[in-house]
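Here's the structure we're looking at; comments come further down.
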Amino acid sequence: MHTPSTQARPSIYYNYQVFKPWLASQQGPQSKHKVVIVGAGPAGMVTALELARHGVPSVLVSADLQFSQGSRAIVFTRRSMEILQQVGVAHRITENGLPWRCGNSIYRGQKVFRMETPHDPDDRFFPMINIQQQYLEEYLHDACAANDLIDVRWGNKLVKAENIEGGVRAEIDTPEGPYTLETEWLVAADGGRSEIRSRMNLKLEGSSYESIFVIADIRIDLPYPTERLAFFDPDWNRGNTILMHREPHGIWRVDYQLPPGETPEEALRPESLKQRIDAQLKMIGFEGTPWEMDWNSVYSARTLTLPEYVHQRIVFTGDAAHLLPIFGVRGANTAFQDAQSLGWHLAFVLNGHAPEALMQNHSTERVGAAREIITEAGKSTRFMAPPSRGFRLLRDAVLSLSLTQEFVRPLYHWRTSRPHEYSHSKLNSPCDDNALFTGGPALGAPPQNLQLQHDDYLLDHLGGGFDLIYAANAQGVPSHIAQAVTELQQQGFPIKLIAISTEAQAMASAHITLHDPQQRFKHRYAVPIGGAYLFRPDQHICGRWLQLDAAGLKQSLLAACLQ
Ligand SMILES: Cc1cc2nc3c(=O)[nH]c(=O)nc-3n(C[C@H](O)[C@H](O)[C@H](O)COP(=O)(O)OP(=O)(O)OC[C@H]3O[C@@H](n4cnc5c(N)ncnc54)[C@H](O)[C@@H]3O)c2cc1C
């Protein structure tokens, strides 16, 4: 019998709510479900919300009765916020998080590199925003609980899952014993230690790094702005690296690398934690400033992925599918992109807009993304925690040269998580004008946001299916284009026609008219009047035309749905 803890997790700033377990005896008979999602972490909850946006119901099971312990992922990128906006929680993060865009690298007490990530007025969100993972999970859970299409089941632990004809049979253990449920698809979002992955004997591919970091969250009043601080080779921790990040509620994250050979047990002894945090505070000039510990843990970098995410009707996502280093903030930020991709691909299959083969495209695209991240993150990890004598020699040369030589300083760049471009996707239009464009996002690229009016941005209007944005003049959208969109809709394809124009009045043939008095879309997307962009449901570019023709549009949409 599964007996999750009913004791609220300890925290000095967050009140953990303990939810009641979902018990089968208090419910009606179970019919076969469309989707069961295992794990109510960021990946599982965003998948549930994405599916619901496409009208697909899901059952979301969590072994625990509360949100995860400790702050864990604390830095969320602009692209993550754009995805979270789509599922309705970005405003809560904006209200409560700490936005930032600068990072400082410090060596021997000298600031040797300052990274300033551009913040364009066309972007609704800052490059980064800090908030503890429990808050993110709370906001996502509130959105799931308020959605009739999502059945959240706390205290339900999946203990067995097997592919059967036309679906998956799952055994779920609860505080009153096990029950069985059947589902057409099962999403394994059960985290880095995925039991589903282990039971299916699936192997992650890639590398694990030996260096261990302590992650400690302390409450302290420090007069620094919200910027990333990275200290290399400091006096009190020679040869190693320390990171500091401000979090909401007066909390600071201090990550420090341990000397080789020290075990996590030794490192997490209270006296060891105290001595090192005091040493760090002394080094930055705040010796004796009172502080209080909230949470601590250890961490070591891994760059691992499954080579396939779709195994018949069981789909792996988030940390269950890959383990990525926290350097460059890749864990949860990658999970959101996985979940967004999975949500629309699976919904299109279940809603009959595409054959089951579309799921293979999801796997190919997201494994490709993980492999790109692994290459990028591997570089950051080798700089932060050199894995061999050669890498250390190289890194130390950069550190020491950076005191006087400008040209080596960019090597400190920490390569922040960025969305993968699906440049070679099978779904990209086979017959558009991509090659003729001189600017704007290319096929497979993520979208670029655009401020249209005060508090009105382009991406606010996209989502729920494919979006065709047509650059219109005063005559509006030509009737043959509007007719083509109507026909596609009649065939069941979720597609919306958005006219964008300098004209303020609504255009009858379009579902939405966007008023763009300064022709920002034309310039940022390098598209003339009569041209258009087709966005996929995850907002990546699917096709673009300098002059849109109805036949090309139809062919592109059919190709994007593998028809
Ligand atoms: C100690 C620690 C520190 C971290 N620090 C950072 C950081 O600083 N920056 C960063 O970007 N990322 C960090 N991460 C990673 C980040 O937390 C994850 O990348 C992110 O949570 C991934 O989300 P997920 O939904 O895939 O998995 P998880 O958040 O792990 O969620 C998995 C869910 O599955 C549930 N579950 C597991 N097994 C079962 C089962 N059998 N049945 C039902 N439910 C089950 C769990 O209860 C949990 O709700 C950290 C992770 C850890 C563990």
For this session: Run ASP142 past the list (1) without any contact (Cβ under 8 Å) to a residue 60 or more places away in the chain; (2) assigned to a strand (DSSP E or B); (3) closer than 30 Å to ILE12 by Cβ and report the number of the one that doesn't hold.
Result: (2)
Exercise. When the stretch 324-361 is examined, which residues are found to be within 16 Å of the ligand (Cβ to nearest atom), of a type outside the set (D, E, K, R) and not in a helix (DSSP H, G or I)?
Worked result: LEU324, PRO325, ILE326, PHE327, GLY328, VAL329
Exercise. Among (1) touching a residue at least 60 places away in the same chain (Cβ under 8 Å); (2) within 19 Å of SER429 (Cβ to Cβ); (3) charged (D, E, K, R), where does ASP460 come up short?
Worked result: (2)
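Criterion first (at pLDDT below 95, away from the ligand (no atom under 15 Å from the Cβ) and either open to solvent by less than 20 Å² (accessible area, probe 1.4 Å) or assigned to a loop (DSSP other than H, G, I, E, B) (or both)) does ASP120 satisfy it? If you could, list the steps in order and put the result at the bottom.
Working: at pLDDT below 95: yes; away from the ligand (no atom under 15 Å from the Cβ): yes; either open to solvent by less than 20 Å² (accessible area, probe 1.4 Å) or assigned to a loop (DSSP other than H, G, I, E, B) (or both): yes.
The answer is yes for ASP120.
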For this session: Starting from the stretch 188-213, take each residue that is modelled with pLDDT under 95 and list its partners that are near the ligand (Cβ under 7 Å from one of its atoms), counting only C-beta distances under 8 angstrom and pairs at least six apart or across chains.
Result: ILE212/TYR299; PHE213/TYR299
For this session: Considering only the stretch 419-474, state which residues are of a type in the set (A, V, I, L, M), open to solvent by 40 Å² or more (accessible area, probe 1.4 Å) and closer than 13 Å to LEU514 by Cα.
Result: ALA474
Problem set entry | Whichever residue in the stretch 506-537 is of a type in the set (Val, Ile, Thr) and assigned to a loop (DSSP other than H, G, I, E, B) and, among such residues, is least open to solvent (accessible area, probe 1.4 Å) | VAL527
Exercise. Under 30 Å from LYS274 (Cα atoms) and in contact (Cβ under 8 Å) with a residue 60 or more places away in the chain - does that describe any residue in the stretch 174-185?
Worked result: no
Problem set entry | Test result for ARG269, among the charged types (D, E, K, R) and either free of Cβ contacts under 8 Å to residues at least 60 places away in the same chain or open to solvent by less than 30 Å² (accessible area, probe 1.4 Å) (or both) | yes
Exercise. If we keep just the residues of the stretch 276-323 that are assigned to a loop (DSSP other than H, G, I, E, B), of a type outside the set (Val, Ile, Thr) and within 13 Å of the ligand (Cβ to nearest atom), which is surrounded by the fewest Cβ atoms within 10 Å (Cβ to Cβ)?
Worked result: SER300
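Matching residues to (1) small (Gly, Ala, Ser); (2) surrounded by fewer than 19 Cβ atoms within 10 Å (Cβ to Cβ); (3) under 30 Å from TYR457 (Cα atoms):
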{"site": "GLN7", "(1), (2), (3)": "no, yes, no"}
{"site": "TYR14", "(1), (2), (3)": "no, no, no"}
{"site": "GLN17", "(1), (2), (3)": "no, yes, no"}
{"site": "LEU23", "(1), (2), (3)": "no, yes, no"}
{"site": "HIS33", "(1), (2), (3)": "no, no, no"}
{"site": "PHE67", "(1), (2), (3)": "no, no, no"}
{"site": "ALA73", "(1), (2), (3)": "yes, no, yes"}
{"site": "SER80", "(1), (2), (3)": "yes, no, yes"}
Seminar exercise, completed: Scanning the stretch 389-418 for residues that are open to solvent by 70 Å² or more (accessible area, probe 1.4 Å) and aromatic (Phe, Trp, Tyr), the one modelled with the highest pLDDT turns out to be PHE391
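The values are calculated or read from the model by the stated rules, or taken from the named source; none is laboratory data. The shown structure was predicted, so the numbers you read here are calculated from the model rather than taken from an experiment. For neighbour counting, all protein chains shown are included, and Cβ atoms are generated from backbone atoms with ideal geometry for every residue, glycine included. These area figures cover heavy atoms from the full protein model, side chains too; ligands, DNA and RNA do not enter into them. Shrake-Rupley method; radii C 1.70, N 1.55, O 1.52, S 1.80 Å.
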